[in-house]
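**Q** Okay, here's the structure, questions in a sec.
Where a number appears in this text, it was derived from the coordinates with a stated rule and is not lab data. Everything quoted here is computed from the prediction, not taken from an experiment. Counting neighbours? That spans all protein chains shown, and the Cβs are built from the backbone with ideal geometry, glycine included.
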Amino acid sequence: MLALRTAATGMAAQQMNVEVISNNIANMNTIGYKKQRAEFEDLLYQNVERAGVSSSAGGTIVPTGVQIGSGVKAGSVYRITQQGALTQTGNKLDIAIDGKGFFPVLMPSGETAYTRAGNFSVSPTGTLVTADGYTVQPAITIPQGATDVSISADGQVQATIAGQTAPSVVGQMQLANFFNEGGLEAIGNNLMLESSASGPAQLGTATSTGFGSLRQGYTEASNVDAVGEVTALIVAQRAYEMNSKVVTAADQMLATASQLKS
Amino acid sequence: MNNALYVGLSRQETLQRALEIAANNIANADTAGFKLESLLVQTEPGSAPSTPDARPVAYVLDHGVTRDFTQGAMEGTGNPYDLSVEGLGFFQIQTANGMRYTRDGRFTVDNKNQLVTKAGDPVMDAGGRPIVLDPTKPEPAIAQDGTISQGGTPGAKLGVYRFPDLAQLQKVGGNLFEAPAAMTPTVAADGVVRQGTVEKSNVQPVLEITNLIEISRAYERVAQMMSQQNDLSSQAISRLGKAA
């Protein structure tokens, strides 16, 4: 019975939906996290009777045909790259991107990863690093004895050094942009890798055309909307339940059919 | 004498098919742009009766699937690449197998900066050309008439395509519809596109569950009728057998 399999595809899709929703809820407070959405597509249709075939010798034409669908599949899990709220932290090395762009980060493997989590700190040698200790590209070294660091909206890093009146420029931050941000490959730790779907990274400075601006002393909160996720969870759970009712109904019909011979 | 069994069987076959369609509706209760389907059945006169006093037997036959093209609920997502058509009309998608049509406007941008579906197939503008966005400009703003502007500069216009007869559309999976070669769509001048919204499936879960109950009960009733008919014939055989 096709209905049993159709209902099973529905249950499998909703199960995946719940997995995606639970990951969103779990990352509600992850800096720079972008919520994901499971998207469904209907599966192939079986043409039992083609539209337009003649249904009798008299030449009557079937107007619509019988097409039977075989259920649903999870087409893709799409990342919604909407801006998260900017939260003030007061920390000098928290930098949020207001608009498009990613910070390039050098991974221990030599690869470049990209992140929007700008909760940086300084390594023992004075280099600007992510929370995991990976160097932010291009490497910026805050000199020892710096009493203050200021980062402008366009990414210029200036340090005030004790004994000097004027702050000195110690580096320039860069941002990377992608044609299709949704196509980046997430690898955990708030990091993403370039993929063939995202297109190559285009480097540029903040506030230039197509790039967002930087905000020192802020972090970007995740863009997960708790109420929206919980509502989606309820919908997914009910949808799962309804698909299970189809299984029951199909099972009852099969039982009825098998009891026919008495 | 066995006609009642065959009539019952014809009904059971259509009920099974109706269940398959209801199962597909429920499985797609959360699929964007999905349109509810239901089975059309009609009476099918059987072959001419062999004896002059016998009445003709009418079977039941499914002859088509009808689709309810009413608008699904609009869910606001705020995502600039989520689009929906309000009222009649479809987006035109260029697939490897030719032009297809959809009401699922959850688009994205590919690595060539084209506006594409999640399957990577380009979305067509009102002139039937792919839509290329400018990556150096801010996210697109799409007006109600489908005009896409980036940074205040209007560019391509999304096409909203309409058909003279929706019943001739076939579903091909992937939320796409295929039109027969003979039916060409027209670009609607008054098509309304809504940015930041997704059209949900128009399946009403409560109605579908009721439908499901109806189908399984009807199936049981027919089965009961068939088993009564079976009893009747076995009784007839035993009684007539005694008389002889």
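**Q** What dipole magnitude, in Debye to the nearest 20, does the protein assembly as shown give about its Cα centre under +1 on Lys/Arg Cβ and -1 on Asp/Glu Cβ?
**A** 820
**Q** Shielding by partners for B:163-171, please: the mean number of other protein chain Cβ atoms within 10 Å of each residue's Cβ.
**A** Taking all residues of B:163-171 together, the mean is 3.
**Q** For chain B, set up a GNM with springs between Cα atoms under 10 Å and report which of B:116, B:193, B:41 has the largest fluctuation.
**A** Of B:116, B:193, B:41, the Gaussian network model singles out B:41 as fluctuating most.
**Q** Tell me which residues come under 5 Å, amide H to amide H, from residue A:222 once H is placed; ignore anything under 5 positions away on its chain.
**A** A:30, A:32, A:33
**Q** Averaged over B:208-220, how many beta carbons belonging to a partner chain fall within 10 Å of each residue's beta carbon?
**A** Rounded to a whole number, the mean comes out at 4.
**Q** Right, here's the next one. Check each of the trypsin sites (Lys or Arg not before Pro) in region B:89-175 and keep only those in coil by DSSP with at most 14 other C-beta atoms within 10 angstrom; list them in order. Each step should come with its number before you reach the end.
**A** Numbers: sites: B:100, B:103, B:106, B:112, B:118, B:157, B:162, B:171; in loops: B:103, B:112, B:118.
Sparse-neighbourhood loop trypsin sites (Lys or Arg not before Pro): B:112.
**Q** Follow-up question, since we're still on this one. Once phi is turned into ³J(HN,Hα) by the Karplus curve 6.51 cos²θ - 1.76 cosθ + 1.60 with θ = phi - 60°, what whole-Hz value does each residue of region A:96-108 show in order, with x for glycine and proline?
**A** Calculated HN-Hα couplings, in order: 10, 9, 9, x, 7, x, 9, 7, x, 10, 8, 7, x Hz.
**Q** Follow-up. In the structure shown, do any of A:245/B:171; A:35/A:73; A:92/B:137; B:35/B:157 have a Cα-Cα gap over 22 Å, and if so which?
**A** A:245/B:171; A:92/B:137; B:35/B:157
**Q** Starting from the amide H of residue A:76, placed 1.01 Å from N in the peptide plane, find each other amide H under 5 Å away whose residue is 5 or more places distant or on another chain.
**A** So residue A:76 has HN proximity to A:39.
**Q** Determine how many Å³ per residue the convex hull of the Cα atoms of chain A encloses.
**A** In chain A, the Cα hull volume divided by residue count equals 177 Å³.
**Q** With charges set only on the Cβ (+1 for Lys and Arg, -1 for Asp and Glu), what does the dipole of chain A come to about its Cα centre, in debye to the nearest 20?
**A** The dipole magnitude comes to about 500 debye.
**Q** A follow-up question, please. Taking beta carbons within 10 Å but only from partner chains, what does the mean come to for residues B:101-109?
**A** Working: counts 0, 1, 0, 5, 0, 5, 0, 9, 9.
What the average comes to for B:101-109 is 3.
**Q** Turning to a different aspect of this structure: Counting residues in chain B as N, plug N into 2.2 N^0.38 Å and put the Cα Rg over that result. All intermediate terms of the calculation are to be shown ahead of the outcome.
**A** Numbers: Rg = 25.7 Å, N = 244, 2.2 N^0.38 = 17.8 Å.
Relative to the rule-of-thumb radius for its length, chain B sits at 1.44.
**Q** Let me ask you something else. Would you mind checking the radius of gyration and Dmax of region B:136-244 based on alpha-carbon positions, in Å?
**A** According to the Cα coordinates of region B:136-244, Rg and Dmax are 28.5, 97 Å.
**Q** For region A:86-220, give the magnitude of the charge dipole about the Cα centre (Cβ charges: +1 Lys/Arg, -1 Asp/Glu; no others), in debye to the nearest 20.
**A** 220
**Q** Still on this structure, I have one more. Please identify the longest segment of chain A free of exposed trypsin sites (Lys or Arg not before Pro), where exposed means a DSSP state other than H, G, I, E or B and no more than 13 other Cβ atoms within 10 Å. Write down the numbers at each step before the final one.
**A** On the way: sites that count: A:50, A:261.
Answer - A:51-260.
**Q** Follow-up. For residue A:43, list long-range residues whose amide hydrogen, built 1.01 Å from N in the peptide plane, is under 5 Å from its own amide hydrogen.
**A** Here the answer is A:70, A:71, A:72, A:73, B:174, since their amide H atoms fall under 5 Å of that of residue A:43.
**Q** Which residue, A:184, A:44, A:203, has the most motion in a Gaussian network model of chain A that connects Cα atoms within less than 10 Å?
**A** A:44
**Q** Right, something else. By how many degrees, 0 to 90 and rounded to 10, does the Cα axis of helix B:205-243 deviate from the longest principal axis of chain B?
**A** Helix B:205-243 sits roughly 20 degrees off the main axis of chain B.
**Q** Which one, A:157, A:66, A:224, has the greatest fluctuation when you compute a Gaussian network model over chain A with C-alpha springs under 10 angstrom?
**A** With Cα springs under 10 Å in chain A, the top fluctuation among A:157, A:66, A:224 is at A:66.
**Q** So what does log10 I(q)/I(0) come out to for the protein assembly as shown at q = 0.05, 0.06, 0.08, 0.13 Å⁻¹, using the Debye formula with one equal point on every Cα and no solvent?
**A** -0.30, -0.41, -0.63, -1.20
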